[in-house]
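Student: One structure coming up, written as structure tokens, with questions to follow.
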Amino acid sequence: MADSKWMPRWFYQLASPRWCYQICGKLLPWFTVAALALLIGGTLWALIFAPADYQQGNSFRIIYLHVPSAILAQSCYMLMAVAGAIGLIWKMKVADMVAKACAPIGASLAVLALLTGAIWGKPTWGSWWVWDARLTSMLILFFLYLGVMALNSAIESESTAAQATAVLALVGLVNIPIIKYSVEWWNTLHQPATFKLTEKPAMPAEMWVPLLVMVIGFYAFFAVTLMMRLRNEILRRERRAGWVKELLLSK
Amino acid sequence: MSFNSFSEFLSMGGHGLYVWLSYGLGVIIILGNLIAPLQAGKRLRAQLTRRLIRESKGS
Amino acid sequence: MADLITQAASERAQIGPGGLFVATLRRDLMLSLRRKSELVNPLIFFLMVITLFPLGVSPEPGFLAQLAPGALWVAALLATLLSMDSLFRTDFDDGSLEQLLLSPQPLFIVVLAKVLAHWMLSGLALTLVAPVIAVMLFLPAEGMPGLMLSLLIGTPTLSLVGAIGAALTVGLKRGGVLISLLVLPLYIPVLIFGTSAVQAAVTGLPLGGYLALLGALLALGLALAPLAIGAALRISVSG
Amino acid sequence: MSGPMLQVENLFCERDDRMLFEGLGFSVDAGEIVQIEGANGSGKTTLLRILSGLSRNYEGDIFWRGEPIDRVRDQFCRELLYFGHQPGVKALLTPEENLRWYCALHPSLDASRVAEALEQVGLAGFEDVPCHSLSAGQHRRVSLSRLYLSDAPLWILDEPFTAIDKRGVAAKEALIGRHIARGGSVILTTHQDLQGSSVVRSINLDRQGGH
């Protein structure tokens, strides 16, 4: 790493667990406030002020939870794979820790997307589960998360676990577009999609603005929980470093 | 405001069960994702501090 | 002095990457052939899983014929997966894997040879017996070419992707179940296009498109999987 | 040839929360035998695996002929013979089949001398017996016969003398002596004292690491 001079300075700083721990600590309150404000405001807006859908009625309001969680579940996988790749190539410990922290968050968001999708399906399609292309893809994404987490917990050595998971996450990342395409294609083959959950021809502004607020709120929430997990992971992995000992004993 | 009364708001035009179930799950998963790392962090700090104190006494 | 030694080595007729590919393929085939049970186990498993469908669902011919493409592909997929765990495990246990990783020859040559050997004894063998078993499920005769061609082009991808899982779990004591967990979601596109090809063949639709898609997946797998397998092996041995 | 073949600087490695060595540095010159010593669990095998490039879980620098080892990995592999903890012998193959595959794997092994090498380790007549009917010591001898085929300048040997009788040990020592005389070098771990070689240098991991 020492001889690749073209890397910017912040990249090296980011590579320092201590710096990362401190900067996360400074950013956390801001992100927490932003996440709470956006999520609470967005939810109120979505539940009270947004108009009901002319076709689906009030069950449409589930979209404000379903879509953000689905987007985040996918972004989270992307971040996990990219962080894993950085850890693999530049042997950057912090990147490994980011990747490890991503998996449970992404899996829980995938669960939320699946559950809200299923619940929304009941009033819309009349059954709790439909093999809709998007829901099926999300289910497979959830499986991919489970695989990553299972592999990570099965390998004892931390650095080996991080590297192996990174390879798996990258393989998954290459596969996600293929899986999405094949599932969509399979879906149209078997049941001509008459009515999709989230596809609206043109959503009026009073519907999509709260959706946007919720998506940004979810991103902020994701940042908060990721930083919290990351800080824990840094403490655990760096427990023998001098600065961690000082930090712990100073309290 | 798309509701005239609170009971109308609760019933969500007959879809109350689905909407409130979804939002309930959303709250649970979001709070879970905040509380779990918070608790884990507390446990970890306590555990590491105990170990540090034990080691400093031992040597 | 040391230079003299290397010079001597370079003057001698050396075995190139092609020779290594053939040598590894021969070695792995020979190893499997000397352990007969390993050879027939995937086939027996394939047959048994197929038997479960009439017993578990319904022996009615029309219904089974409808079920056949999917059932055959699912069974082939599981049978491939069953033999995956042993692909690198024996080499890991006896130390050959270390030697393999220390070879100056390109790693993907050995990896490809090993995967090819695995495929010949699982995927290829399954493809050859599939028509016999398809008859038991009342798959119409028109579906046979689609079945065999899709299995022929699709199962190598299964072996390649499965080998990534095998390489990632080779250092673990109990890797068997874990491989399935890692690899099954990645098998879904092959399953979808494979069954679609068979269904298209049954209904008399052109199946070139499906086979082309399976071929594209295979090409992608051939290009990328050896990289991932190699990286995974180095990581597993390093740990 | 100027400078050492293999140079190690500031090597640090920890395993399972335990530091094996820190700030370890040494160099291996052509014509030198370096013996790694240390109690069980002191990290001898780990060190050999790091030097050979099998394990990457370390910090520090390793140079091969003056170049960082990661940059000349191919060249290094070509010039290395590694004899590991497990013999790497397939029980279902005959000794000859085992060795032929190794010759394909490593261009530094001379395939035309396989029969000769098997005779040297006392396995003449066993060429076409599957290895599962051979003893553990014979397994190791199959693997050790690679030493007779090898032109590689650097040998890294992990316990090469275990499960081998006295006469075999003497033959191995003579072989190592010849290798040194040709300008090769050897890094090894062994519980036995090496005899008749004045060039043995030892590195003790117990003094290097620990707490």
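Student: Of the residues that sit in the stretch D:47-105 and are aliphatic (A, V, I, L, M) and assigned to a helix (DSSP H, G or I), which one is farthest from the other protein chains (Cβ to nearest Cβ)?
Tutor: Result: D:LEU47.
Student: Only one of A:ILE86, A:ILE63, A:ILE48 is over 30 Å from A:ARG18 (Cα atoms) and more than 9 Å from chain B (Cβ to nearest Cβ); which?
Tutor: Working: A:ILE86 fails: over 30 Å from A:ARG18 (Cα atoms); A:ILE48 fails: more than 9 Å from chain B (Cβ to nearest Cβ).
Testing whether each residue is over 30 Å from A:ARG18 (Cα atoms) and more than 9 Å from chain B (Cβ to nearest Cβ) leaves just A:ILE63.
Student: If you don't mind, there's one more thing I want to ask. When the stretch A:74-83 is examined, which residues are found to be small (Gly, Ala, Ser) and away from chain C (no Cβ under 14 Å)?
Tutor: Across the stretch A:74-83, the qualifying residues are A:SER75, A:ALA83.
Student: Here is a further query. In the stretch C:173-216, how many are under 30 Å from C:ASP93 (Cα atoms), open to solvent by less than 50 Å² (accessible area, probe 1.4 Å) and modelled with pLDDT of 90 or more?
Tutor: Count: 8.
Student: Given the criteria more than 10 Å from chain C (Cβ to nearest Cβ), of a type in the set (A, V, I, L, M), buried (at least 23 other Cβ atoms within 10 Å of the Cβ) and touching a helix residue (DSSP H, G or I) at 6+ places or on another chain (Cβ under 9 Å), does D:VAL121 qualify?
Tutor: Working: more than 10 Å from chain C (Cβ to nearest Cβ): yes; of a type in the set (A, V, I, L, M): yes; buried (at least 23 other Cβ atoms within 10 Å of the Cβ): yes; touching a helix residue (DSSP H, G or I) at 6+ places or on another chain (Cβ under 9 Å): yes.
Criteria met by D:VAL121.
Student: Only residues that are out of contact with any Asp or Glu (no Cβ under 8 Å at 6 or more places or on another chain), under 15 Å from D:LEU188 (Cα atoms) and open to solvent by 40 Å² or more (accessible area, probe 1.4 Å): list them for the stretch D:19-39, please.
Tutor: Let us first name the residues in the stretch D:19-39 that are out of contact with any Asp or Glu (no Cβ under 8 Å at 6 or more places or on another chain), namely D:19, D:21-24, D:26-36.
From the residues that got through so far, the ones that are under 15 Å from D:LEU188 (Cα atoms) too are D:26-36.
Selection gives D:ASP29, D:ALA30.
Student: A follow-up question, please. Would you tally the residues in the stretch C:117-167 being open to solvent by less than 30 Å² (accessible area, probe 1.4 Å) and under 16 Å from the mean Cα position of the chain (by Cα)?
Tutor: Matching residues across the stretch C:117-167 total 24.
Student: For residues that are out of contact with any Leu (no Cβ under 9 Å at 6 or more places or on another chain) and open to solvent by 80 Å² or more (accessible area, probe 1.4 Å), scanning just the stretch C:23-43, find the one that is farthest from the other protein chains (Cβ to nearest Cβ). First the steps, then the outcome.
Tutor: The initial filter retains those residues of the stretch C:23-43 that are out of contact with any Leu (no Cβ under 9 Å at 6 or more places or on another chain), namely C:26, C:36-37, C:40.
Those left that are additionally open to solvent by 80 Å² or more (accessible area, probe 1.4 Å): C:26, C:36.
Details: C:ARG26: 8, C:LYS36: 11 Å.
Looking at residues that are out of contact with any Leu (no Cβ under 9 Å at 6 or more places or on another chain) and open to solvent by 80 Å² or more (accessible area, probe 1.4 Å), I get C:LYS36.
Student: Quick check, is D:ASP128 open to solvent by 30 Å² or more (accessible area, probe 1.4 Å), within 14 Å of chain C (Cβ to nearest Cβ), closer than 21 Å to C:THR24 by Cβ and not in a helix (DSSP H, G or I)?
Tutor: Yes; evaluated as a whole, the condition is true for this residue.
Student: Taking the stretch A:116-156 on its own, how many of its residues are within 14 Å of chain C (Cβ to nearest Cβ) and open to solvent by 40 Å² or more (accessible area, probe 1.4 Å)?
Tutor: Total meeting the criteria: 8.
Student: Okay, next question. Conditions first: (1) outside any helix (DSSP H, G or I); (2) over 30 Å from C:ALA232 (Cα atoms). A:GLU156 passes all but one, so which condition is the exception?
Tutor: Every condition holds for A:GLU156 apart from (2).
The values are calculated or read from the model by the stated rules, or taken from the named source; none is laboratory data. Note that the structure is predicted; figures quoted are calculated from it, not measured. Backbone-built Cβ (ideal geometry, glycine too); neighbour counts: all protein chains shown. We work out accessible area using only protein heavy atoms, side chains counted, and drop any ligands, DNA or RNA first. Shrake-Rupley method; radii C 1.70, N 1.55, O 1.52, S 1.80 Å.
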